[in-house]
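> My questions all concern the structure below.
Every read-out reported here was derived from the displayed coordinates using simple, explicitly stated rules and does not represent laboratory data. Quick caveat, the model's predicted, so the values are computed rather than measured.
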Amino acid sequence: MDIIRVIIAIILPPLGVFLQVGLGGAFWLNILLTLLGYIPGIVHAIWIIAKR
């Protein structure tokens, strides 16, 4: 299941974080990072998925 989340996180980072943690602070932080730059959003999303 984590492989699917990582693929989703590469395509749409906030969705990958949402599937992992829901509507928490990490989700909103990831939206902000994705808006500021796509790569930081991907890195954060993969980090959140790998951490849990």
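> Quick one: is Ile39 within 8 Å of the chain's Cα centre (by Cα) and not charged (D, E, K, R)?
Taking the combined requirement at face value, the residue does not satisfy it.
> Residues of segment 7-28 being farther than 13 Å from Ile42 by Cα and among the β-branched types (Val, Ile, Thr), which ones?
Within segment 7-28, just Val21 meets the criteria.
> Sort out which residues of segment 21-52 are closer than 16 Å to Val6 by Cα and among the aromatic types (Phe, Trp, Tyr), and write them in order of number.
Of everything in segment 21-52, those that are closer than 16 Å to Val6 by Cα and among the aromatic types (Phe, Trp, Tyr) turn out to be Phe27, Tyr38, Trp47.
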